[in-house]
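The values are calculated or read from the model by the stated rules, or taken from the named source; none is laboratory data. Not measured: the values here are computed from a predicted model. Every residue, glycine as well, gets a Cβ built from its backbone with ideal geometry; the counts of neighbours run over all protein chains shown.
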Amino acid sequence: MIVGSEELYGETKESLSRIQKFDAALLPRELELGSRLNFNDAVEPAQQLIDLYNRLSVTALQDFPDNILTPVRDNANNLFKLFSQILDFDPGQQDPTGVRNKFIKQVEGAYQPSFQALHPYISYSLHRSADFQRLDSEARSTLQSIEDKANNISENLSKHEENAKAALDEIRRVAAEEGVTKQAAHFNAEYEHHKAEADRWQGYAVKLAIGLGVFAVVSLFIHKIPFFNPENTYDAIQLSISKVLIFSVIAYMLFLSSKNFLNHKHNAIVNKHRQNALMTHTALVEASGDEGVRDAVLLQAANCIFSPQATGYTQAGESEASNQKSMIEILSRPIAQGVRDVNK
């Protein structure tokens, strides 16, 4: 509740907050004023004044009548006006050194009258902030509110315990089913990376192919240019070697770009297959009731995911024989088990 008028309280609060938030480091202005006219000497006394005003709580202003709010507001405004004059100080004015020294003396001499004017209100502000009886009452009220909320939460948890357990079981079931499938995001990220790289290298290969073709056509007529026209056998050999070297470099860069394109394209397709294997094998396993078929599906998925990935420079297909052997062993398990049961 505000004791004084709301308008005067608002003005005083604004003036006090403005002083409390003022940064004394703005006063020196060394870059603008240089070493002779800067206000470094005003920083320390200005900070003392700001600290003094910070000891007066803005909350305590609510308890002050108008005859108290007025001097607090006026003192804060006067001090801020002095700071503003320092910030607006013009070194080009008449007698800038004298004006500078006057401002510094005013800042240095402002502490004592400010302290005399504010110390009773600062004492009240500190007492109000340290009102232990009020703090104890507020703490008890807060504690009781927390206890009531805790009891309500405990009751709600007890009521919904069964629903929570059911939800937890459902979450575990879904996590068990989808946990492996969600790992496909890693392969999808690799697929996107290699796809982008393949497109980039494809662009390089196309540009180099066009450049190689243009160079091949130009080289047919380059000897007709007077500057490049060989005058003797030595010049003709030099021109031919230069053309061969340039052609070889462009051709090698074209070959390298094409190889990198094929490499990234191959890796993109492999990672896409891995992603598809992870996302579909769960459905295939659940759809099959035979244990041997399930093992076969899992083997195929694992083989697609974990088999050595070709780099694009070597031929694949080294693990086909072992994979086929594993498939035969898994699919033959039910038959072997049936034969053993008959023999018994």
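Could you identify the single residue in N77, N67, N54 that is assigned by TED's automatic domain parsing to the domain that holds R36, surrounded by fewer than 11 Cβ atoms within 10 Å (Cβ to Cβ) and more than 27 Å from S35 (Cβ to Cβ)?
Matching residue, one of N77, N67, N54: N67.
When you go through (1) over 37 Å from the mean Cα position of the chain (by Cα); (2) under 13 Å from I104 (Cα atoms); (3) crowded, with 17+ Cβ neighbours inside 10 Å one by one for L27, which number turns out not to apply?
Among (1) over 37 Å from the mean Cα position of the chain (by Cα); (2) under 13 Å from I104 (Cα atoms); (3) crowded, with 17+ Cβ neighbours inside 10 Å, the lone unmet condition for L27 is (1).
Could you run through the range 30-51 and say how many residues are surrounded by 15 or more Cβ atoms within 10 Å (Cβ to Cβ) and either part of a helix (DSSP H, G or I) or not assigned by TED's automatic domain parsing to the domain that holds I86 (or both)?
The total comes to 11.
Look at A277 and say whether it is surrounded by 14 or more Cβ atoms within 10 Å (Cβ to Cβ) and at pLDDT 85 or above.
When the stated conditions are applied, A277 does not pass them.
So that you can scan it fast, the table gives a plain yes or no per residue for (1) at pLDDT 80 or above; (2) outside the structural domain of L16 (by TED's automatic domain parsing):
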residue	(1), (2)
R100	yes, no
I104	yes, no
A110	yes, no
Y124	no, no
E147	yes, yes
A150	yes, yes
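Looking at the range 109-129 only, could you name the residues that are in contact (Cβ under 8 Å) with a residue 12 or more places away in the chain and within 16 Å of V58 (Cβ to Cβ)?
L118, Y121, I122, Y124, S125, L126, R128, S129
Residues in the range 54-65: is at least one over 20 Å from Y124 (Cβ atoms), among the acidic types (D, E) and at pLDDT below 85?
The answer is no; no qualifying residue exists.
Taking into account only those residues within the range 94-114 that are within 48 Å of the chain's Cα centre (by Cα) and part of a helix (DSSP H, G or I), which is surrounded by the fewest Cβ atoms within 10 Å (Cβ to Cβ)?
Only one residue fits best here, namely Y111.
Mind listing just one residue for me: the one in the range 80-93 that is in contact (Cβ under 8 Å) with a residue 12 or more places away in the chain and in a helix (DSSP H, G or I) and, of those, surrounded by the most Cβ atoms within 10 Å (Cβ to Cβ)?
F83
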